[in-house]
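The values are calculated or read from the model by the stated rules, or taken from the named source; none is laboratory data. Source: prediction; values computed, not measured. Here the Cβ positions follow ideal geometry from the backbone for every residue, glycine too, while neighbour counts run over all protein chains shown.
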Amino acid sequence: MSGISQPRLIVHGGAWNIPDELDTDHLNGVRRAVEQVYPALEKGMPALDAVEKAVNILEEDPTFDAGRGAFLNERGEIELDAMVMDGATLNFGAVAAVQNILHPVSLARRVMEKTEHHFLVGSGAQLFARRMNIPELGPEELLTERELSFYRKIKNDPTFYTRKPFEAHPMDTVGAVAMDIHGNLAVATSTGGTPRKLSGRVGDTPVVGAGAYADNHSGAVSATGWGESILRVLLSKTACDLFLAHSPGEAARKAIQILQQKARGLGGIIGINRSGEYAFAHNTRKMAFAYPRLSGQIIAQIKV
């Protein structure tokens, strides 16, 4: 693609319920990711580096369900999924059900760049992480008291199910979409999945076209929400395809309508079309996201 004068970056901190008392933490988290990464994008950082670094910042933040602060599965373990995709080449890397790694999105990028494969899971992904010298942390370094308390509350509750839009608790998959000064697009998404999920459960996040998709010829999108429904409609690819025929806002809204009507799904998306226009939509109670305007002003919102 031809060069552009101004890059783009948009990040999200999940779509579902966000307790009102955590609004500020969510806003600060997504704003911080943009503040720390966007200046480097303006100086020429590739889009792929930008989305990895933005998601790294969100993975480190205990506010979100990704890296530190992730939900616990049925066995009281943290299992993480992530993917990254390059819109210039359609190359991508993904990992699922990895443990004790703060930055699974960086492991996903290593899969993309250092192997002949696209997707590694479980113990194989764990062995590859060690081969790549990616640090492993003790489980206690990823666990927060908030998630431990919530797990203890629900672990023996026969009425609880992972889709339940439970009150006063967020679902905070994180993601980032970027366009660099050369017009190349990239996307990254990272998550701890759903609370009390079955061990080994994989949602939409690491599945190409579902949790994320990037193609310089259409756009790039990161999704968040109820993963089982997002998988059914390949939400991110659906939104990217809609960019070709609709304005970015309309395309995002139509994609969420498809999610709701065809899969009775709940979720949200952020994106950038091939012209560098931002897109976002959701049908959950809230979604946290941030992006810079061309003036340099950073907009951080929790849309209700």
Which numbered condition trips up GLU59, out of (1) modelled with pLDDT of 95 or more; (2) in contact with a Ser or Thr (Cβ under 6 Å, 6 or more places away or on another chain); (3) assigned to a loop (DSSP other than H, G, I, E, B)?
(3)
Say whether the condition of being in a helix (DSSP H, G or I), under 26 Å from LYS155 (Cα atoms) and of a type in the set (S, T, N, Q) is met by at least one residue in region 98-114.
no
All positions within region 215-236 that are charged (D, E, K, R) and within 14 Å of THR205 (Cβ to Cβ)
GLU228
Reported set for region 229-254 where residues are over 15 Å from ILE270 (Cβ atoms) and hydroxyl-bearing (Ser, Thr, Tyr) is SER229, SER247
Out of (1) closer than 21 Å to PHE289 by Cβ; (2) buried (at least 23 other Cβ atoms within 10 Å of the Cβ); (3) in contact with a Leu (Cβ under 8 Å, 6 or more places away or on another chain), what's the single condition that is false for GLU60?
(2)
Among all residue pairs at least 6 apart or on different chains, which show Cβ distances below 6 Å where the first residue, located in region 17-37, is under 19 Å from GLY67 (Cα atoms) and the second is crowded, with 19+ Cβ neighbours inside 10 Å and of a type in the set (Asp, Glu)?
GLY29/ASP61
Cβ-Cβ below 7 Å, separation at least six or inter-chain, first residue in region 286-304 and farther than 10 Å from HIS12 by Cα and modelled with pLDDT under 90, second of a type outside the set (A, V, I, L, M) and surrounded by fewer than 19 Cβ atoms within 10 Å (Cβ to Cβ): which pairs?
LEU294/GLN6; VAL304/ARG285
Can you tell me which residue in region 197-256 is modelled with the lowest pLDDT, limited to those that are outside any helix (DSSP H, G or I) and among the charged types (D, E, K, R)?
LYS197
Anything in region 257-277 that is buried (at least 21 other Cβ atoms within 10 Å of the Cβ) and at pLDDT 95 or above? List them, or say none.
LEU259, GLY268, ILE269, ILE270, GLY271, ILE272, ASN273
The number of residues in region 142-165 that are farther than 25 Å from ARG285 by Cα and either surrounded by 13 or more Cβ atoms within 10 Å (Cβ to Cβ) or hydrophobic (A, V, I, L, M, F, W, C) (or both) is 2
